[in-house]
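Notes follow once the structure below has been shown.
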Amino acid sequence: MWLNLGRLFMLFVWAFLLLNLFHPFPKPLKYFVDIALFFMVVMHGLQLVLLRTTQPPGSPKLSAITQTKIFFFGVFELLAWQKRNFPKPKS
């Protein structure tokens, strides 16, 4: 449930940041949102690249859909992917 709320939150953040491209906000806020969008794209892209390069050889390969979801939802999708592919052993 918390992961889905996080994904929903990320959709709102992306929508807010992309809205500035089509309907610019007033001057001081516009520059802040532009910087935030650039930072978000760089950080999510870096997160995806780091995940792809640090995967061990026997781990499941990332599909294009999974990579896209990780780029847009960030850590929330990474946690869901990790939970799905590497379940905790029961003790």
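What the table shows:
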read-out	value
Under-24-angstrom lysine pairs by C-alpha in the chain, whenever the two are 8 or more apart or on separate chains	5
Helix 27-53 vs. the chain, principal-axis angle (Cα, 0 to 90°, nearest 10)	20
222 nm mean residue ellipticity, helices alone, for the chain (DSSP H n ≥ 4; -39,500 (n - 2.57); rounded to 500)	-25500 deg cm²/dmol
Contour excess over end-to-end distance, with Cα ends at Leu79 and Leu18 and 0.36 nm allotted per residue	19.5 nm
Cleavage-rule hits, trypsin sites (Lys or Arg not before Pro), the chain, DSSP coil, Cβ neighbours within 10 Å at most 12	Lys61, Lys90
Charged-residue dipole, Cβ positions (Lys, Arg, Asp, Glu), the chain about Cα centre, Debye nearest 20	340
Translational D in µm²/s for segment 2-85 (Stokes-Einstein at 4 °C, 1.567 mPa s, Kirkwood Rh from C-alpha pairs)	92
Stretchable slack from Val42 to Leu11, in nm (0.36 nm times residue separation minus alpha-carbon distance)	9.5 nm
Net charge over other residues, Cβ less than 15 angstrom from the Cβ of Ile65 (K, R count +1; D, E count -1)	+4
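Where a number appears in this text, it was derived from the coordinates with a stated rule and is not lab data. Computed from a predicted model, the values in this text were never measured in an experiment. In this analysis, Cβ positions are derived from the backbone assuming ideal geometry, glycine residues included, and neighbour counts consider all displayed protein chains.
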